[in-house]
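Below is one structure, written out as structure tokens; comments come after it.
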Amino acid sequence: AWFRELGIINDFLTKQGYQRWTLFPIVAKNRLCPLVKQHDRDQFAQIGCWLFDCQLPSYLKKMSRKTLRNINVEFEAFLRNRIKTGVDLSEILWEITSYTSEIKCPYLLIQNALSSARLVIATYPYLINPILRDILFTSMDILPSQTTIIIDEAHNIASGQIGHLSFKKVQNAVQEIDIDPILNDLLSMKGEKQLITYEPQEEDLIALRKKAKRHVKNQYEQGRKVVSSALEIYRFLQQSSNSYIAVNGNFKMYLQDPRELLSVIDDCKQRILLSGTFRPLDYFANFLGVPNAKKINLTSYHRRKNRIILTTVDPKLTLRYSARTKQRFLYYGEVLSEIIVNIPGNVLIFTPNYEITAILANLLRTSLYEKPQQNVASLIQAVQTSLEKVILIAPARGKVSEGIEFVRDEQSLIKAVIIAGLPYPPPTRSLKQLAKKYAEIWGEEQAANYLFFLPAEVAIRQCLGRMLRSKKDIGAWIILDNRVVNLDLFNHSISCRNTSKIIYHLQTFYQKHH
Ligand code: SF4
């Protein structure tokens, strides 16, 4: 999206007689390395250039500053002219990998160009992970105080959770590298009921990494595709300082104080957080430790007209944990069936989890629903190719809810999104303990808001975002859970007493837009 937008801006600048901009993408090495093959991609992602004993990095070090500068200037001009209307990241990466230069490696080419870059785009880890952040600023040869940082889709960083590791990985790592002090510590945490603070010795971490890398290299040399669990543990623990670890069949890492996430860059020139989900803005700003940030609300006038937002106060429509009975699911099935027949097109239904997804799919007699670990390509294809109305059911925070487009000829194929039950995170023991810790910072009520309400809001907005993909799209958002009144989600929703009212508003809306 950023390349597409900058392409339009660049073409406009050229017409006005101004200089175009270059945007340098920082992507994983395995997307650019010319030596990497499909079968060794994952191993390369773990241990990098050492896998192939590649000599190009040392060759680069021997090149003169002048030569490197000249290469930069030419490459920058090349990239600048490629960023034009209609371009996207994959095309840009293709252009970069096809570019010939003395450096011979597209990844090193970008690394080298960073020292003169004015505009760089990278993923969150380059901001959150202290080691990657350091690499980025060092490569750019720039101080945070000289930088403006824009965080797009910034609601994603407002969760407090910064890492996840399955217990199985630790067991696998023991098979890989045998006895190790860090693995012993992690194994001894099994069954721990309290939040843990754990900061391994630096030399132990380095030793773990060394053994794990050696393991991957040995496997590669023996022609095996095996990747290292120990390296995943190393990555997980890189952020363990200032964090809590919760053990509950697996390990989850939470920031001790989420306000610290942005404080590490509070000496930069400007921090700009962008999100279509930040609402209420004050909640997010306090959680992220920027309560005094200037908050700017941008509402699209056009958007208000092309969608209808219906909520319910029906006392039987809630999927709070204590209400999840057979009768309640049957009632949801009835209400959904009545509503769906009044929607003139495809419908996406989102539920709180996979289990409820399967139950509702059964009640609505649809085979199109997302299952755990599923590749959702077949579901997308079913929606895109069907000549009949499709009902697709999926869990909030599943693959369908996160960034999948149901589009044909640049128009959305979805006429309504229904949220059947609000997707609050399950109140696990560790989340409740974390709420107590966060209450010491913000007080009990606000801590609960941050840990339960904010994630639900973010998940709901992500689900709803699947419907309107262009200016021409129209459709309905229907929230079937009366607890929606506790969330400050929408400015212009219509609260409906019962299912008949919902149907009345749907019929009126679709007739008007027919
Ligand atoms: S230096 Fe470049 S070509 Fe060599 S292994 Fe690394 S990414 Fe691949």
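Just one of (1) assigned to a helix (DSSP H, G or I); (2) of a type outside the set (F, W, Y); (3) touching a strand residue (DSSP E or B) at 6+ places or on another chain (Cβ under 8 Å) fails for N449. It is (3). Residues of segment 168-190 that are under 23 Å from K437 (Cβ atoms) and touching a residue at least 40 places away in the same chain (Cβ under 8 Å): L186, M189, K190. Report, by residue number, each residue of segment 485-506 that is in a helix (DSSP H, G or I) and at pLDDT 90 or above. Those that are in a helix (DSSP H, G or I) and at pLDDT 90 or above: T499, S500, K501, I502, I503, Y504, H505, L506. Counting only helices (runs of 4 or more DSSP H) that sit completely within segment 85-198, those holding 1 or more residues that are of a type in the set (D, E), farther than 30 Å from D282 by Cβ and in the same structural domain as K29 (by TED's automatic domain parsing) correspond to 89-98. Of note, T14 does not satisfy the criterion of being of a type in the set (V, I, T) and touching a residue at least 40 places away in the same chain (Cβ under 8 Å). Restricted to segment 191-238, and to residues there that are free of Cβ contacts under 8 Å to residues at least 40 places away in the same chain, out of contact with any Leu (no Cβ under 6 Å at 6 or more places or on another chain) and crowded, with 21+ Cβ neighbours inside 10 Å, the residue that is farthest from R41 (Cα to Cα) is L208. Say whether the condition of being touching a Pro at 6+ places or on another chain (Cβ under 6 Å) and part of a loop (DSSP other than H, G, I, E, B) is met by at least one residue in segment 385-407. Yes, there is a match, as at least one residue in segment 385-407 is touching a Pro at 6+ places or on another chain (Cβ under 6 Å) and part of a loop (DSSP other than H, G, I, E, B).
Scanning segment 368-385 for residues that are open to solvent by 40 Å² or more (accessible area, probe 1.4 Å), modelled with pLDDT under 90 and either acidic (D, E) or within 19 Å of I343 (Cβ to Cβ) (or both) yields one hit, Q384.
The single condition among (1) open to solvent by less than 50 Å² (accessible area, probe 1.4 Å); (2) in contact (Cβ under 8 Å) with a residue 60 or more places away in the chain that D267 does not meet is (1).
If you go through segment 1-35 and keep only what is within 9 Å of the ligand (Cβ to nearest atom), surrounded by 12 or more Cβ atoms within 10 Å (Cβ to Cβ) and assigned to a loop (DSSP other than H, G, I, E, B), you end up with L32, C33, L35.
Does K472 satisfy the criteria of being more than 23 Å from A394 (Cα to Cα) and in a helix (DSSP H, G or I)? For K472, the condition - more than 23 Å from A394 (Cα to Cα) and in a helix (DSSP H, G or I) - is not met.
Scanning segment 46-79 for residues that are in a helix (DSSP H, G or I), free of Cβ contacts under 8 Å to residues at least 60 places away in the same chain and within 14 Å of the ligand (Cβ to nearest atom) returns G48, C49, F52, L56, P57, S58, Y59, L60, K61.
Screening segment 291-367 for helices (runs of 4 or more DSSP H) wholly inside it with 1 or more residues that are among the hydrophobic types (A, V, I, L, M, F, W, C) returns the ranges 326-340, 354-363.
Taken residue by residue, segment 109-123 has at least one member that is away from the ligand (no atom under 16 Å from the Cβ), open to solvent by 50 Å² or more (accessible area, probe 1.4 Å) and β-branched (V, I, T). The one condition from (1) within 11 Å of the ligand (Cβ to nearest atom); (2) out of contact with any Phe, Trp or Tyr (no Cβ under 6 Å at 6 or more places or on another chain) that Q38 does not meet is (1).
Is there a residue in segment 408-423 that is of a type outside the set (A, V, I, L, M, F, W, C), open to solvent by 50 Å² or more (accessible area, probe 1.4 Å) and more than 30 Å from I340 (Cα to Cα)? No, segment 408-423 contains no residue that is of a type outside the set (A, V, I, L, M, F, W, C), open to solvent by 50 Å² or more (accessible area, probe 1.4 Å) and more than 30 Å from I340 (Cα to Cα). Within segment 92-104, restricting attention to residues that are open to solvent by 20 Å² or more (accessible area, probe 1.4 Å) and touching a helix residue (DSSP H, G or I) at 6+ places or on another chain (Cβ under 8 Å), the residue that is nearest to the ligand (Cβ to nearest atom) is K104.
The values are calculated or read from the model by the stated rules, or taken from the named source; none is laboratory data. Just so it is clear, the model here is predicted, and its values are computed rather than measured. Because the Cβ atoms are built from the backbone with ideal geometry, glycine has one as well, and the counts that use them run over all protein chains shown. Just so you know, the surface numbers come from the protein's heavy atoms only, side chains and all, with ligands and any DNA or RNA stripped out. Shrake-Rupley method; radii C 1.70, N 1.55, O 1.52, S 1.80 Å.
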